[in-house]
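The structure's right below; bear with me while I get my questions together.
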């Protein structure tokens, strides 16, 4: 199965880089119809494709226009999978998903939020470039047990640390579990501790595993 997913990932990425969004969409929907697990599509097709697209852009192998096209196309294709995602038994847990302020790369945290939905959580997705006051307001109104915060660039880590501090200092957020993720945390094993989070997820599935452990510990 993994070999098939690797082939599908290669073909999917190639279609996007050639600007053929329709072909990319068709191969994903065909995979779903053939019974490939939605989580496997996220983990073994969407995530590695987006990582490779980001790498190609950072190394000036593709233009920002191509990067934006590939990302927007993947967002559209993911939206076609929502009928399969928002159809699970709920476990009575709520989470907020957001990017740190000034962070514009939201696909990673979007995927994480979708995984929480598939795991039975109710999610409140704030998306990219979320100001601190908006995050605090969401915490106060949504009464979540956990917030997941994404940063994809190292220079956003200070802002993320400041956001975590603001959450800890708010009345609604003092007992909130904080999970972080993004490329900088995969490169530095103890970075999540430096920003005073409760844990980090190295990918979307690991985020779910860590979140359930953290929340069970905090709210048992």
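Would you pick out the residues in the range 81-94 that are over 19 Å from residue 112 (Cβ atoms) and not in a helix (DSSP H, G or I)?
89, 92
Run down 34, 26 and say which single residue is surrounded by 13 or more Cβ atoms within 10 Å (Cβ to Cβ), free of Cβ contacts under 8 Å to residues at least 40 places away in the same chain and not assigned by TED's automatic domain parsing to the domain that holds residue 208.
26
Continuing with the same structure: Out of 96, 78, 85, I need the residue that is surrounded by 14 or more Cβ atoms within 10 Å (Cβ to Cβ), in contact with a helix residue (DSSP H, G or I) (Cβ under 6 Å, 6 or more places away or on another chain) and modelled with pLDDT of 90 or more. Which one?
96
Given the structure, is residue 78 assigned by TED's automatic domain parsing to the domain that holds residue 190, assigned to a helix (DSSP H, G or I), within 28 Å of residue 14 (Cβ to Cβ) and in contact (Cβ under 8 Å) with a residue 24 or more places away in the chain?
The answer is no for residue 78.
Right, another one. Among the helices (runs of 4 or more DSSP H) contained in the range 100-219, which hold 2 or more residues that are farther than 20 Å from residue 75 by Cα?
Working: elements: 107-118, 132-142, 157-169, 183-187, 191-194, 204-219.
Here the list reads 132-142, 157-169, 183-187, 191-194, 204-219.
The values are calculated or read from the model by the stated rules, or taken from the named source; none is laboratory data. Keep in mind that what you see is a predicted model, and the values were worked out from it rather than measured. No Cβ is skipped: glycine too gets one built from the backbone with ideal geometry, and neighbour counts run over all protein chains shown.
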